[in-house]
Amino acid sequence: MARKRILVVEDDDLHFELYEEALADYELIRATTASAALARLPKERPDLIILDHVLARREKGLAYLPELKDLLPYVPIIVVSGALEAHQQIEALTGPRRAHYCLVKPIDLNELKRTVATALEQCGEAEIVRQFEALERSKRVDVEDLLSRSTDRLRRQTEIRKLVASSPERPNISALARQFRVARRTIIRDLQELIRRGEVPPAVYPKWETGEDDEEEPGEPPVESAAAD
């Protein structure tokens with residue numbers, strides 16, 4: 001199996017030697033400036049980028065973070081620096097073109113090894129796959145919920161149609177709401193749909209034809225904590 005390739009953007013020779021020792025299981029390639037790193041990306045695509053902030057030629061690594069993410073949006077980036085204020089670290093870790101991790105110099109090499117291993121396993125393309133899978137699951141849940149609500153509504157409307165057909169009186173909206181444990185407006189909507197489909201005569205709910213506002217029927221208490229379908 002080919003070794004994972006890590007692009008280390010670091011101008012300090014000592015720090016790069018430490019990275020070589022700690023990350024000996026990976027293929028390391030180096031750039032001393034962020035602009036040089038950008039030039040290498042089309043030819044040598046890394047699986048992960050370690051980005052120092054203070055670089056040669058007075059370049060600042062964070063200033064190049066958006067360009068790096070534009071070119072390699074699915075490649076995890078670990079920012080390493082001893083010159084970042086707390087607000088700069090937060091900025092580096094937020095937004096659409098963010099780094100995945102921010103480590104502070106002098107760096108703990110064991111922490112670096114753990115972070116690199118975690119980033120390669122869980123970030124980047126693997127992270128995108130998990131996001132798509134989560135989106136698909138949420139869509140399935142939404143569809144199942146929609147089908148369940150639709151089935152409940154049709155079942156309730158069937159019962160209402162039977163009750164209306166078996167009684168010479170107009171339906172009691174509040175009583176039906178209590179019986180089916182829904183809001184009055186839900187029963188009214190059910191009656192409107194039944195009338196629209198021609199399953200019950202318009203006379204069962206004349207307010208729908210006249211456009212009058214829905215009001216509580218005299219002498220009947222309102223339905224408490226009823227949820228719409």
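The values are calculated or read from the model by the stated rules, or taken from the named source; none is laboratory data. Note that this is a predicted model, so its numbers are computed, not measured. Because the Cβ atoms are built from the backbone with ideal geometry, glycine has one as well, and the counts that use them run over all protein chains shown.
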_Only one of 144, 193, 169, 199 that is modelled with pLDDT of 80 or more, surrounded by fewer than 17 Cβ atoms within 10 Å (Cβ to Cβ), in a helix (DSSP H, G or I) and out of contact with any Phe, Trp or Tyr (no Cβ under 7 Å at 6 or more places or on another chain)_ = 193
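For segment 39-66, which positions are of a type in the set (A, V, I, L, M), part of a helix (DSSP H, G or I) and crowded, with 17+ Cβ neighbours inside 10 Å?
Just the residues of segment 39-66 that are of a type in the set (A, V, I, L, M), to begin with: 39, 41, 48-51, 54-56, 62-63, 65.
Next, from what is left, pick out any that are part of a helix (DSSP H, G or I): 39, 56, 62-63, 65.
Correct list: 62, 65.
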*Would you pick out the residues in segment 2-30 that are free of Cβ contacts under 8 Å to residues at least 40 places away in the same chain and assigned to a loop (DSSP other than H, G, I, E, B)?*
2, 3, 24, 25
*Please state which of the following conditions residue 105 fails to meet, knowing it meets all the rest: (1) in contact with a Leu (Cβ under 8 Å, 6 or more places away or on another chain); (2) closer than 26 Å to residue 25 by Cα; (3) surrounded by 13 or more Cβ atoms within 10 Å (Cβ to Cβ); (4) of a type outside the set (Phe, Trp, Tyr).*
(1)
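Any idea which residue in segment 67-107 is modelled with the lowest pLDDT, counting only those that are of a type in the set (Asp, Glu) and not in a loop (DSSP other than H, G, I, E, B)?
91
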*Go through the residues of segment 89-96 one by one and say whether even a single one is buried (at least 16 other Cβ atoms within 10 Å of the Cβ), over 15 Å from residue 11 (Cα atoms) and among the polar types (S, T, N, Q).*
yes
